[in-house]
Amino acid sequence: MRNLTNFPKKIATYLFVILLLGLLLQSSLYLYLNIFLPYSNVAENVALANQRIQIRTLAENLCSACILLYTLGHIYLVYFYHKKKLPISLKEIFSRFVLHILVSVLCVVPFALLDSLFSGTSIFIGDYIFPLRKMAIIWPVLFFIFAFACFFRKSRKPKAEE
């Protein structure tokens, strides 16, 4: 049973690492673009503009794929907890989601600050924060799904044998 209860925690950790890798990859590619291919240089060269758009699209797609894996993985975890009848601690789930939020913000914000430092403008900060705005919708939904599963399990009474 110990291996069974460790499985969801390991999966949640792997999912979180996938999310962080997506956020770090997108942020680092954005920083690269804004420092080495700034808009002022790209405006005159169509080839550089196309390269910038392709790299930006790649970064957004990779980050979106990581966010999708994170979300679907957590939905699977709810199903796994329910199917295997494992205990769900609402306090542990809440602390895990708060940790995910804080670490994700700490992964993205330094890139945005570095970009504003190097480029001399803060107009690109919203680009870095955009994945977090996506997650601002996903995290509460996932938390309420876990909370619903927790309360649903507690409210269900075992059937009396006749």
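Is there a pair in K84/K134; K9/K85; K83/K134 whose C-alpha atoms are over 23 Å apart, and which pairs would that be? Please report the intermediate quantities before stating the final value.
On the way: K84/K134 30 Å; K9/K85 15 Å; K83/K134 29 Å.
Check vs 23 Å cut-off fails for K84/K134; K83/K134.
Could you please report the charge total around L33, scoring K, R as +1 and D, E as -1 over all other residues with beta-carbon less than 15 angstrom from its beta-carbon?
Within the 15 Å Cβ shell, the charges total -1.
Which value in deg cm²/dmol, rounded to the nearest 500, describes the helix-derived mean residue ellipticity at 222 nm for the chain, given -39,500 (n - 2.57) per DSSP H run of n ≥ 4 and division by the residue count?
Details: 5 runs with 139 residues, N = 162.
Mean residue ellipticity at 222 nm (helix-derived): -31000 deg cm²/dmol.
If you count only protein heavy atoms with a 1.4 Å probe, what accessible area per residue comes out for the chain, rounded to a whole Å²?
It amounts to 63 Å² per residue over the chain.
Where the convex hull is taken over the Cα atoms of region 1-94, what is its projected area averaged over directions, in nm²?
Working: hull surface 29.6 nm².
Result: a mean projected hull area of 7.4 nm².
Between H82 and F118, what is the label-point separation in nm under the 7 Å Cα-to-beta-carbon projection?
Between F118 and H82, the label points sit 4.6 nm apart.
At 0.36 nm per residue, minus the direct Cα-Cα distance, what do I125 and A47 gain on full extension? Give it in nm, one decimal, please.
Values: separation 78, 0.36 × 78 = 28.08 nm, distance 2.51 nm.
Here the answer is 25.6 nm.
What are the trypsin sites (Lys or Arg not before Pro) within region 36-134 that DSSP puts in a loop, where the Cβ has at most 13 other Cβ atoms within 10 Å?
K85
Keeping the other protein chains in place, figure out the carbon and sulfur percent of the accessible area of the chain, with a 1.4 Å probe.
Details: 7120 of 10230 Å².
Carbon and sulfur: 70 percent of the exposed surface of the chain.
Quick check for you: which residues of region 28-55 have the amide N under 17 Å from the point 7 Å beyond the Cα of N61 toward its beta carbon?
29-30, 50-55, by backbone N distance to the label point.
How many nm separate the modelled label positions at V141 and L24, each set 7 Å beyond the Cα in the direction of the Cβ?
A separation of 2.7 nm, rounded to one decimal place.
Taking every pair of distinct Cα atoms and averaging 1/r, then inverting, what Kirkwood hydrodynamic radius in Å comes out for the chain? All intermediate terms of the calculation are to be shown ahead of the outcome.
Working: mean 1/r = 0.0559 Å⁻¹.
That comes to 17.9 Å for the chain.
The values are calculated or read from the model by the stated rules, or taken from the named source; none is laboratory data. Because the structure is predicted, anything quoted here is derived from the model rather than measured. Heads up, the Cβs are rebuilt from the backbone with ideal geometry, glycines too, and the neighbour counts pull from every protein chain shown. Note: areas computed on protein heavy atoms with side chains; ligands, DNA, RNA excluded. Shrake-Rupley method; radii C 1.70, N 1.55, O 1.52, S 1.80 Å.
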